[in-house]
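Below is one structure, written out as structure tokens; the observations come after it.
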Amino acid sequence: MGETTAAPAPAPNLVALFLREMQAHPDRPFLAAKHNGHYRTSSWIEVGQAIARLARALRRQGVEPGDRVVIVSENRPEWLIADFAIMTAGAITVPAYTTNTVRDHLHILENAGAKGMIVSTRRLLRNALPAAHQADSVEFVIAMEDYALQQSINARLLSWDEVLAAESDALDILEEAAGRFSREDLACLIYTSGTGGAPKGVMLSHGAILSNCEDAHDVLAPTLGLKGHRFLSFLPLSHAYEHTAGQMLPVSLGAEIYYAQGVEKLATNMEEARPTIMVVVPRLFEMLRQRVQSRITKEGGVRARLFARAVELGIKRYRDPASLGLRERILDKALDRLVRAKVRKRFGGRIKALVSGGAPLNPEVGEFFVALGLRLLQGYGQTESAPIISVNRPENPKMHTVGPPL
């Protein structure tokens with residue numbers, strides 16, 4: 001059983017939420033990203049100071065309350081820093097997919113009336129800058145990494161490092177923002193294509209996202225606890241699912257966030273980061289099952305037979321715990337050490353829950369991983385709900401449903 005410490009009082013807004021957790025444990029590790037082959041962490045206070053610097057820089061660039069600022073970046077610590085800095089400056093975050101074309105970016109910039117953009121890499125600048133050049137509302141672009149400008153654009157192109165270095169890291173700007181917004185105020189515009197047509201911006205308030213986090217606390221507390229969690233972030237933060245469950249929820253828990261290097265390195269990153277919770281999509285499970293089965297089939301012999309037996313008995317136990325006879329229970333216990341422990345180690349060895357959403361989970365795929373000792377919690381949501389509507393409870397997960405409502 002997890003610890004069941006009562007959740008703190010509801011925060012009035014997302015900036016206040018961050019400030020509360022930062023003040024509670026300023027020197028504790030918070031965000032971690034790969035540098036030179038190793039994960040390097042930043043503490044809560046270091047992240048808070050970066051947010052304060054960037055918020056002041058945004059105001060210096062003319063950002064005013066209610067303005068829109070677009071983020072175009074892969075998952076990394078700067079994404080969270082930019083998101084909270086935009087809100088601290090009084091503006092509204094507009095996440096954009098890294099796969100967007102120039103036309104996609106231009107649509108969002110014009111539709112949102114964005115005043116600025118924050119872009120990570122040179123590769124992403126190739127599509128972002130032409131869109132910023134064509135959008136009448138865009139006044140500045142902040143580049144997180146070094147850039148080489150081939151031609152001038154109708155906006156100021158600024159360096160992340162330089163604009164942060166020019167500002168104070170005093171935290172009073174966060175304190176002021178924490179006391180300014182209500183739960184009804186707009187936090188972000190998340191563009192989604194829905195059933196078709198041009199993407200439309202979904203208006204999500206501070207309260208909508210906070211409500212999701214608070215309800216998630218109720219889900220986690222009885223079995224998984226609310227403390228000591230580490231998340232591994234790899235789904236796009238431009239999607240409401242990862243934005244809430246993979247970023248805002250860990251903030252609300254005072255948890256650590258490790259950033260994966262992409263799907264191709266996810267298996268390695270899981271073993272390195274050793275997460276307790278991961279936000280995933282069904283396609284990942286399908287891909288992992290195919291890889292595991294291919295490897296086991298290739299190995300053959302005793303290992304393959306033990307693996308097949310572990311899956312068989314695990315599924316039988318999941319469907320009806322009372323159905324296992326005495327010999328099967330003894331064998332199942334042995335297979336937990338011989339097979340399932342090795343599988344859990346591949347996920348870092350500390351995983352408490354894999355939360356699946358974004359598409360329906362094939363029950364057979366779900367049962368396969370449950371049989372191997374992993375807890376899967378399938379849920380359902382939509383962007384307009386910020387986005388979680390329902391999810392299975394850790395104490396009684398079912399593979400054929402999306403669980404009861406929050």
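Couple of notes before you dig in:
- The range 281-391, relative contact order [Cα under 8 Å, separation at least 6], %: 29 percent
- Annotation for the range 295-346: GluC sites (Glu not before Pro) lying in DSSP loop with at most 13 further Cβ atoms inside 10 Å of their Cβ do not exist.
- Most mobile of Ile81, Ile51, Ile153 in a GNM of the chain (Cα contacts under 10 Å): Ile153
- Distance between the range 122-141 and the range 235-267 - C-alpha centres, whole angstrom: 26 Å
- For the range 151-200 and the range 50-105, distance of Cα centres in Å: 3 Å
- Treating each Cα of the range 281-391 as one equal point scatterer and applying the Debye formula with no solvent, the log10 of I(q)/I(0) at q = 0.17, 0.20 Å⁻¹ comes out as -0.86, -1.11.
- Highest mobility in the GNM of the chain, judged by mean-square fluctuation with C-alpha springs under 10 Å and restricted to Thr93, Thr223, Thr297, is found for Thr297.
- In angstrom, the C-alpha Rg and Dmax of the chain are 22.4, 76.
- Length-normalised contact order of the chain in % [C-alpha pairs under 8 Å, at least 6 apart]: 16 percent
- Cβ-Cβ FRET estimate between Arg274 and Ser152, R0 fixed at 35 Å, reported to 0.05: 0.15
- For Val302 and Ile315, the difference between the fully extended length at 0.36 nm per residue and the C-alpha to C-alpha distance is 2.7 nm.
- For the range 22-205, DSSP calls about 40 percent of its internal beta bridges antiparallel.
- DSSP beta bridges in the chain [antiparallel fraction, %, rounded to 5]: 35 percent
- Equivalent ellipsoid of the range 80-204: semi-axes from √(5λ) of the C-alpha gyration tensor, largest first, are 24, 22, 11 Å.
- Rounded to 0.05, the FRET efficiency of the Val263 and Leu326 pair, given R0 = 41 Å and the Cβ-Cβ distance, is 0.45.
FYI, it's all coordinate maths here, none of it is from the lab. Please read all numbers here as calculations on a predicted model, not as lab measurements. Cβ coordinates were reconstructed from backbone atoms using ideal geometry, including for glycine residues, and neighbour counts include every protein chain displayed.
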